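The values are calculated or read from the model by the stated rules, or taken from the named source; none is laboratory data. A quick note: this is a predicted structure, and the numbers were derived from the prediction, not measured. So basically every Cβ, Gly included, is an ideal-geometry build from the backbone, and we count neighbours across all protein chains shown.
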Amino acid sequence: MENFKPNIIVFCCNWCSYAGADLAGVSRFQIDPNFRVIRTMCSGRIEPEFILSAFENGADGVMITGCHPGDCHYINGNYKTMRRFYFMKVLLREFGVETNRMKLSFISAGEGIEFQRLVNDFIKEIKKLGSAQYRIKE
Amino acid sequence: MKKKMKKQKKKRVVRKNRKSGVPKGKQAPDMVSLTIDGISVTTKKSNSILEAAQEINIEIPTLCYHKALSSYGACRLCVVEIQKNGWKKIQTSCVYPVEEGIEVKTDTPVLQNIRKTMIQLMLARAPESSVVQEMARKLGVEDTPFVKRDDDCIRCGLCIRMCRERMGKNVIGFKGRGDQREIAPPFDVESPDCMACGACYAICPTASQRLKKMSNKVKKPLLDEFDAGLRSRSVIRIPFPQAVPNAAIIDREHCVHFVTDKCRICEDLCEAKAIDFDQKEELVEIPVGSIILSSGAEVIDGKQKREYGNGRYENIVTSIEFERILSASGPYHGHVVRPGDKKEPKRIAFIQCVGSRDDEHPYCSSVCCMYATKEALIAKEHSPGLECTIFFMDIRAFGKGFDEYYEKAQKSGVRYIRCRPSSIEEKQSTKNLIIRYADEQGQMRVDEYDMVVLACGLQPPKGMVEIAQTLGIEMNAAGFCKTRAFAPTDSSKEGVFACGPCTEPKDIPETVTQSSSAAARSMELLAEQRHTLITKKEYPAELDVSGQEPRVGVFICRCGINIGAYVDVPKVVEHTKGLKYVVHVEENLYTCSQDSQKLIIEMIKEHKLNRVVVASCTPRTHESLFRETIREAGLNPYLFEMANIRDQCSWIHMTEPEGATEKAKDLVKMAVAKAALLSPLKRVEIDVIQKALVIGGGVAGMVTSLSLARQGFEVFLVEKEKQLGGNARHIFYTIEGNDVQAYLLELIKKVCDHKLIRVMTNAEITAVRGFVGNYETEISLASGRNKIYKHGVIIVATGGVEYRPDEYSYGKDTRIMTQRELEEKIVGAEPQIVGLRSIAMIQCVGSRDNGHGYCSRRCCSQAVKNALSLLELHPKTKIYILYRDVRTYGFKEDYYTAARSAGVIFVRYDREKKPILANDNGSLDVSVFDPVLQRKLEIHPDLVVLSTGIVPNKDNEKIAKMLKVPLNSDGFFLEAHVKLRPVDFATEGVFVAGLAHSPKFISETIDQAGAAAARAATILAENKYYAEATVSHVNDDLCVGCGVCSNMCPYEAIEIVEEDGQRRSKVNEALCKGCGTCVAACPSGAMDQYGFTKDQILTMIRSIRE
Ligand code: FES
């Protein structure tokens, strides 16, 4: 378990959380390297299928990140993400994936440190949970 | 594997040669070749073996080598084995120069043993040093057999070399030999030469305390201006993360080089060679037609005030300092702690009006009530259980949505105490603060707090006087830029405009609005010059790549050492070569440099690349540059993808090079996978009808129309009533005493006379079709006919209405009237108001209450204004103003002060205990509970004046529906963003101004109208409108027309249309902003987003699978 390197996907919206991740870099805030970022323009773009596909393809955890409520570049995309998020949780449960393998967080462009904290915490959490069982049959 | 690497490394050296102009095969005279760990290197003769090894990424351990200093061989960790003509010897590689033909080994058992002994010795010297411990771990040493000493100096001599070679001083040196060797000032006497520059500390690997004893001089930390001095900064720095341009600057005043001509260390360290000490301040002359002054305001440093301890109390902070404390990127990473001892406070007091509403700064700073409320709320969020108390005089939550926020704060437990504390003292033992104050009933009270935040006001910016002199403009009494009565952005000099807090303290929404308005005024002057300075770039014809198999070229950046030092770039290159569709991979030192751009273009041509991936920094800053580059090579700019292996990889995984390298490989793999699926995109071009429709002919509508017309655009101005003027027809003078009717008459005349404005009165819009750039609006005209007008933008300026009270017997007694009615009587000098004994004015009628929860913003000033003019007519009249908070913000505070000194009696009442008015017995009897006196007050005025609020226009709903724009819960139009886009709607091409947006003063309406004109002109100025490229689109075969997508769209960009009996979604590309929310919502998979297609994202996800 010690050496378990989880596969984690972090979805970032272009305007806030992706910029926050960049700021974490500019500020040299150190983060566990076991995550990969996929950028979309808005968190509202994240479809349930992406989450399922991630777990099917061996992800151990998925983070969806976007602007803080009220700050979405597209007015209210993140509110729609919030609503969808609960639906996705139900979906995950149905497919037999622990719902705490998925997390929704809001990070502003100025919160490099928040990005660091949230991602590190999430990775720690996933490391505790161990490898996800749900995986596509080869 | 090893072999492969060898080959490739050889090749890299060759490329270097080619760059320096030396032909392949022949060796330059100042170069030598040698072998290090079996790899041949050609390097400069002047290099040491250590440096040669570093060039090819072979790491030799060292603690005393520094690139910018001479080498010294002190730590002896860098020992290597050298074989020359059959001889073998062990040497310190940092001082041993390269030689032709030698063979070097860097990692043999013998060397390992020597290093172990050396590090054990150092571990005994400096047992606590983390750098030494880290190195020991790397060398496989756990502990030291030698006696540990109470020391932290490893005698590496870096500090000495730094001082001598770079600072040009000899403040420290070694004394003694062998075991006795230690750093000391020359002859053990403190050197007067020490500049306290701190360079020795900065370079010391163990942060040795010994250095502190070398000189008594203490380095004064430079305080970071952005963090309000709460942390220190270095001499060379990027001022703050969001700085534009995001480049480092040197503080010349403190830079050793600029002070003593020495150092220049940054020059050697900057891989990009970006340091230029010769940059000079330049005087540039730019011919311009107008100038806009937006020099802002400055926060008053309240801590320096006598009442607050003259800056001596460490736990008193200013609001700006507290703002930084709350910030996640601030000095304490968003932990709410006291600056003194970094303890978490349990009780915080905020003190309002510090440097506002006092003798020195008589005006109200307008922003402090709200920012203190915000800071209190956020602080409570950050540390639950925290108690926040705000000491205030009036809560001036007059902005749109502000009162709601204030109420929320109260509900969340922020305590508001109405009073101005008389003093603050510090408790010696705890450094807590004792606040003495008299509560509203006059009781003296003493409270203790852990921390105090001073809500400091705003004052004119430093240098305002010089600026004003240079520009030849006048300032007002308070030292702000003076502006004209009905042109709030016009300075006293023609062509010079001003906006933002340099004209009067103001909040962000008003600042942004006023700035746009200043832009509009400027454009009115310069309209003819529009586009004259534009040069158009020519591009080669776009290559058709359709049907071609993807040929991906990948350019991987080292970014000097930024990526290269943490990510094994050659490994990433190697890995990338094996990916599907990749036909060319290149490693660059700086992919963004000009020669790399040329190289990319060459490679696109040479390898017939049809997709390009750059793995470097962030697309947020560099995507546009690379898109431009591939466009120059004839590729569609959207055939490009970026992998962020710096900001989001090498920089955040500096201590885990392996993890970083693995991640970089993955990120490139994902980018390549997506790139293979990219298709060329175009921004749809839409013709713009360069005309505007303005709905509403009040001040807002007229100012907007006039501004647009002056900027050269045709305007249709539609007014429902039979005449122009709107609410302003009922206002006669402003609080400053300016004649509104005269202004209005002139404005109407200018509007009617302008040949580009078509005024339609008695007219109403009945239907609107189309979208940004192309509207068709049906207008029912005075003649009874309906006519269709075509235009490109719409400005909503439909105004608001004065609240008609049904309380306080309004309408049943002629002695009870509204402020507006009173104003009319004052101007007409009507007998009803002559010779009155007393008048009672009741504030907040139809405001800040059930039904109308918001503040109407202008009623307090209106009451003060009318009270003052009544007193001018009849100084004997006794005037009572019954209020909840007096919200005379900004310079209007002066009139509140004047009213009080003129004898107007202000009596406060609570929302729960409203004044009661009876008029049954022929007299007017007002009773109100006075919370100060704690008893009921009975007044028998001759007149009761109700300060009624502003309510939204009844038509708003209808218009909102027609235009597909939203209203807020109060019924006013809802802008796209309160602060950032205060006059825009989310729907492109529609704007709002005036009372339709929220209650406000005439001057504010004028600003907003100008702003709407400026924003509208951004569309009207071009005859084409370019939509986003990454928009949504519908697959007609899959769409069932369920309409989920169109409900999702915040921009009203999706319509459900019926074609041949089939309902289908249709995306209007002009309106789509490309958020992709509709795509995620589509239940039938018919929607997709260009540039972020389902396939593209799914491939990226799939590619994480090994
Ligand atoms: S743009 Fe960040 S969540 Fe919508």
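Kindly establish whether B:LEU822 is touching a residue at least 40 places away in the same chain (Cβ under 8 Å) and under 30 Å from B:ILE735 (Cβ atoms). For B:LEU822, the condition - touching a residue at least 40 places away in the same chain (Cβ under 8 Å) and under 30 Å from B:ILE735 (Cβ atoms) - is met.
Of all residues in segment A:89-111, none satisfies being over 18 Å from A:ILE8 (Cβ atoms), within 13 Å of the ligand (Cβ to nearest atom), out of contact with any helix residue (DSSP H, G or I) (no Cβ under 7 Å at 6 or more places or on another chain) and part of a helix (DSSP H, G or I).
Of everything in segment B:320-346 that is out of contact with any helix residue (DSSP H, G or I) (no Cβ under 8 Å at 6 or more places or on another chain) and within 15 Å of B:SER383 (Cβ to Cβ), the residue that is nearest to the other protein chains (Cβ to nearest Cβ) is B:SER327. Of the residues in segment B:1061-1075, at least one is surrounded by 20 or more Cβ atoms within 10 Å (Cβ to Cβ) and under 26 Å from B:VAL668 (Cα atoms). Taken over segment B:588-641, the criterion of being acidic (Asp, Glu) and part of a helix (DSSP H, G or I) is satisfied by B:ASP595, B:GLU602, B:GLU606, B:GLU623, B:GLU628, B:GLU632. Residue by residue through segment B:208-224, note down the ones that are of a type outside the set (Ser, Thr, Tyr) and over 18 Å from B:ARG181 (Cα atoms). Those that are of a type outside the set (Ser, Thr, Tyr) and over 18 Å from B:ARG181 (Cα atoms): B:ASN216, B:LYS217, B:VAL218, B:LYS219, B:LYS220, B:PRO221, B:LEU222, B:LEU223, B:ASP224. Considered as a group, the residues in segment B:1061-1080 that are outside any loop (DSSP other than H, G, I, E, B) and facing another protein chain (nearest Cβ under 7 Å) include one that is nearest to the ligand (Cβ to nearest atom), and that residue is B:THR1077.
Looking at this structure, is B:ILE561 outside any loop (DSSP other than H, G, I, E, B), among the hydrophobic types (A, V, I, L, M, F, W, C) and either surrounded by 20 or more Cβ atoms within 10 Å (Cβ to Cβ) or modelled with pLDDT under 95 (or both)? For B:ILE561, the condition - outside any loop (DSSP other than H, G, I, E, B), among the hydrophobic types (A, V, I, L, M, F, W, C) and either surrounded by 20 or more Cβ atoms within 10 Å (Cβ to Cβ) or modelled with pLDDT under 95 (or both) - is not met.
Restricting segment A:47-68 to residues that are over 16 Å from B:ARG1102 (Cβ atoms) and either within 11 Å of the ligand (Cβ to nearest atom) or acidic (Asp, Glu) (or both), the residue that is surrounded by the most Cβ atoms within 10 Å (Cβ to Cβ) is A:GLY66. Of all positions in segment B:847-864, none carries a residue that is closer than 30 Å to B:PHE392 by Cα, in a loop (DSSP other than H, G, I, E, B), at pLDDT 95 or above and acidic (Asp, Glu).
Could you tell me whether segment B:235-246 includes any residue that is in contact (Cβ under 8 Å) with a residue 12 or more places away in the chain, touching a Cys at 6+ places or on another chain (Cβ under 8 Å), in a helix (DSSP H, G or I) and under 30 Å from B:GLN594 (Cα atoms)? Within segment B:235-246, none of the residues are in contact (Cβ under 8 Å) with a residue 12 or more places away in the chain, touching a Cys at 6+ places or on another chain (Cβ under 8 Å), in a helix (DSSP H, G or I) and under 30 Å from B:GLN594 (Cα atoms). Among the strands (runs of 3 or more DSSP E) confined wholly to segment B:382-432, which include 2 or more residues that are buried (at least 20 other Cβ atoms within 10 Å of the Cβ)? Result: B:387-392. Looking only at residues in segment A:1-46 that are among the hydroxyl-bearing types (Ser, Thr, Tyr) and under 14 Å from A:PHE115 (Cα atoms), the one that is nearest to the ligand (Cβ to nearest atom) is A:SER17. A single member of B:ARG231, B:ARG237 is within 14 Å of chain A (Cβ to nearest Cβ) and either modelled with pLDDT of 95 or more or in contact with a Pro (Cβ under 7 Å, 6 or more places away or on another chain) (or both), and it is B:ARG231.
When you go through B:VAL1040, B:VAL1034, B:VAL992, B:VAL978 one by one, which is the residue that is at pLDDT below 95 and touching a strand residue (DSSP E or B) at 6+ places or on another chain (Cβ under 9 Å)?
Just one listed residue meets the conditions, B:VAL1040.
Residue count for segment B:651-685 under the criterion of being of a type in the set (S, T, N, Q) and either away from every other protein chain (no Cβ under 11 Å) or surrounded by 24 or more Cβ atoms within 10 Å (Cβ to Cβ) (or both): the result is 1.
Across segment A:62-115, what is the total count of residues that are closer than 28 Å to B:THR1030 by Cα and either without any contact (Cβ under 8 Å) to a residue 60 or more places away in the chain or out of contact with any Leu (no Cβ under 8 Å at 6 or more places or on another chain) (or both)? The qualifying residues number 32.
Would you point out the residue of segment B:1081-1106, among those that are among the polar types (S, T, N, Q) and more than 7 Å from every other protein chain (Cβ to nearest Cβ), that is surrounded by the fewest Cβ atoms within 10 Å (Cβ to Cβ)? Step by step, filter segment B:1081-1106, then rank; the result is B:SER1084.
Here A:GLN116 qualifies as surrounded by 22 or more Cβ atoms within 10 Å (Cβ to Cβ) and either at the interface with another protein chain (Cβ under 10 Å from one of its Cβ atoms) or away from the ligand (no atom under 16 Å from the Cβ) (or both).
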